[in-house]
1. All but one of (1) polar (S, T, N, Q); (2) touching a strand residue (DSSP E or B) at 6+ places or on another chain (Cβ under 7 Å); (3) outside any strand (DSSP E or B) hold for THR332, so report the exception by its number.
2. Tell me, yes or no, whether region 138-146 has at least one residue that is touching a residue at least 24 places away in the same chain (Cβ under 8 Å), β-branched (Val, Ile, Thr), in contact with a His (Cβ under 9 Å, 6 or more places away or on another chain) and surrounded by 15 or more Cβ atoms within 10 Å (Cβ to Cβ).
3. Quick one: count up the residues across region 225-279 that are in contact (Cβ under 8 Å) with a residue 12 or more places away in the chain and part of a loop (DSSP other than H, G, I, E, B).
4. Looking at the structure I just gave you, is ASP77 among the charged types (D, E, K, R), surrounded by fewer than 16 Cβ atoms within 10 Å (Cβ to Cβ), at pLDDT 95 or above and in a loop (DSSP other than H, G, I, E, B)?
5. Test GLY114 against the criterion of being farther than 26 Å from TYR233 by Cβ and buried (at least 17 other Cβ atoms within 10 Å of the Cβ), and give yes or no.
6. Hey, GLY193 hits all of (1) closer than 20 Å to ILE224 by Cβ; (2) in contact with a His (Cβ under 9 Å, 6 or more places away or on another chain); (3) of a type outside the set (Val, Ile, Thr); (4) surrounded by 15 or more Cβ atoms within 10 Å (Cβ to Cβ) but one; which does it fall short on?
7. In the set SER319, SER286, which member is hydroxyl-bearing (Ser, Thr, Tyr) and either closer than 24 Å to GLN24 by Cβ or modelled with pLDDT of 95 or more (or both)?
8. Working only within region 288-319, note down all residues that are among the basic types (Lys, Arg) and within 21 Å of the chain's Cα centre (by Cα).
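The values are calculated or read from the model by the stated rules, or taken from the named source; none is laboratory data. Please read these numbers as outputs of a predicted model, since none were measured by experiment. All Cβ positions, even for glycine, are placed from backbone atoms using ideal geometry, and neighbour counts span all protein chains on display.
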Amino acid sequence: MVQAKSPRSRGVTLLIATKKGLWQMQSDATRRSWRLSGPQFLGHVVHHAVADPRDRKTMLAAARTGHLGPTIFRSSDRGRTWREAKQAPAYREGSGRVVDHTFWLTPGHPSMPGVWYAGTSPQGLFRSDDGGTTWRGVDGFNEHPQRKAWCGNDQDGTPDGPTLHSVLVDPRDPYHLYIAMSSGGVFESSDGGEDWRPLNRGVRANFLPQPDPEYGHDPHCVRIHPMLPDRLYQQNHCGIYRLDRPAERWQDIGATMPKSVGDIGFPMVLHPRDPDTLWIFPMDGSDVWPRVSPGGKPAVYRSVNAGKTWQRHATGLPSAQAWLTVKRQAMTADSGDPVGVFFGTTSGEVWGSRDEGRTWKCLAAHLPHIYAVEAA
């Protein structure tokens, strides 16, 4: 286990992206008291909102503004005021593809302070070199000769459409990138996005005629550990996996989940200092995928040994008749000691834990359907 020294306790800001706008929550230093503010962009679908850890003041929000279409908003004052991007992510003219919405935002490497990446629906990868003001396609992926085979039909995918998400930057190397696609799988680039290759060995794809293909998988969320960048975790349509590079084959760590709960879900959160600790939020993946908590009893599961075993934590959560779930960007952790863990639900609630997931408290209710929660 690798652990870094934890930072001094500070207040936490949560960015809450919803189907009807963006809210923020600020805590005191103890994380006992919270203040909700907003909404901003009321009526807009906000798929993701992220604070830039490199300057601690820039925020980006990916929004779909009704009949005006998809765009990105940028704030340089911690979300007090916002300006729309001059050039939002868009496929080149004549490509035959149109961005429906920007789904995922990722700040670039600390050595490249103006760089951001965006993943879209249908599956596209875009980059900004000026802090989110203008965007251009990453042609190494968007124009790759295998892109159509990797992505399949642009109309296929999840109920919200096919997406490119989980854009990951190796903290040791700004040119080493990972992306995930629903559907398509996990892909890796070692040259800043000029070329890509599939990285899906060991991951099941039970919904395909060939259950172990090179690509075509449906990863829900992929995370890289900042203290141990050779460690990746994946919550997939077909289980939970861990990859320890330079290995090329993912290891199934979902088989140790209780059979009555299963290993299907969307979000995955890593402890910021301990590569062996992670949290997931399972959902009912049986039959028609009702996308609710198994049995109407929501719970967070934590592993402290890299997925060998899991513990159920539900103290404070509803014990019955709570038919909610948590989307892939809607669970996050702060850097406190102990670590705070937070999630937002499809029923518009924000829940928080001050003790690394052991106990939970409802921090906000009656918000719109929550797409993403990020700690700033």
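1. Exception for THR332: condition (3).
2. no
3. Result for region 225-279: 30.
4. Considered against the rule, which asks whether it is among the charged types (D, E, K, R), surrounded by fewer than 16 Cβ atoms within 10 Å (Cβ to Cβ), at pLDDT 95 or above and in a loop (DSSP other than H, G, I, E, B), ASP77 comes out as yes.
5. Taking the combined requirement at face value, the residue does not satisfy it.
6. For GLY193, the exception is condition (2).
7. Only one candidate passes the filter, namely SER319.
8. Listed by number, the residues that qualify are ARG291, ARG302.
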